[in-house]
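Working notes, structure below.
The values are calculated or read from the model by the stated rules, or taken from the named source; none is laboratory data. Keep in mind that what you see is a predicted model, and the values were worked out from it rather than measured. Neighbour counts are summed over all protein chains in view; Cβ atoms, including those assigned to glycine, are modelled from backbone coordinates with ideal geometry. Heavy atoms of the whole protein, side chains included, go into the accessibility calculation; ligands, DNA and RNA do not. Shrake-Rupley method; radii C 1.70, N 1.55, O 1.52, S 1.80 Å.
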Amino acid sequence: VFAVIMVVGGAITAASPWIIRVDATHRAAVVAATGLMVLNFGLSALITLPGAVLRGMNLEYRVMWATILSSALPAALGGGAVVLGLGLPGVAGGQVLGAVLIGGIRWLIARRALPWFGASRPEKGEVRGMLGISVWLMVWMFVRKTLTGGDVQIIGLVLSPEMVTPYA
């Protein structure tokens, strides 16, 4: 799934200046920010895995503080990027860095709470079965993201980024 997200996201990233319709002075910033957000989206499945395992083992209470921090840290890093004048790529980079830090914290907590937590090499049959499930989950994730964010995309395509900003 990660590879598919990166390939499709790479195409969207490459086309982002023309999709958003920005002038040449802002193209590099839009491409960088879009690429970072695609990376963040791709990593989100890996980053949330330790928390999901802890939730499944009824140990989610151990990462509740990290759940609160997962909203505050990327926002603080993005705000810091704005204060430092790093622009849109800095805000997107803050989102990625915050998500990776929270994912690392959750992984450490899961590793400490569950000695068996980790990864081993799967067999081919297991990979095939999981890939079949992953394709359907990826399709559902795409449909869900389209349904929840489609109005913003349509307004941005039909009108302009300036018009969609107050709406979003």
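Odds and ends about this structure:
- Failed item, numbered, when A33 is tested on (1) at pLDDT 90 or above; (2) open to solvent by 30 Å² or more (accessible area, probe 1.4 Å): (2)
- Taking the criterion of being within 11 Å of the chain's Cα centre (by Cα) and open to solvent by less than 80 Å² (accessible area, probe 1.4 Å), the residues of segment 38-55 that qualify are V38, L39, N40, F41, G42, L43, S44, A45, I47, T48.
- Looking at A119, A113, just one residue is among the hydrophobic types (A, V, I, L, M, F, W, C) and at pLDDT 85 or above, and that residue is A113.
- Residues being among the hydrophobic types (A, V, I, L, M, F, W, C), more than 12 Å from the chain's Cα centre (by Cα) and open to solvent by less than 20 Å² (accessible area, probe 1.4 Å) - total across segment 87-104: 1
- Selected residue (criterion: nearest to L137 (Cα to Cα)) from residues of segment 8-24 that are at pLDDT 90 or above and open to solvent by 50 Å² or more (accessible area, probe 1.4 Å): V8
- Hey, S160 closer than 19 Å to A33 by Cβ and out of contact with any Cys (no Cβ under 7 Å at 6 or more places or on another chain) or not: yes
- Test for V1: is it closer than 27 Å to L131 by Cβ, at pLDDT below 90 and either under 17 Å from the mean Cα position of the chain (by Cα) or open to solvent by 50 Å² or more (accessible area, probe 1.4 Å) (or both): yes
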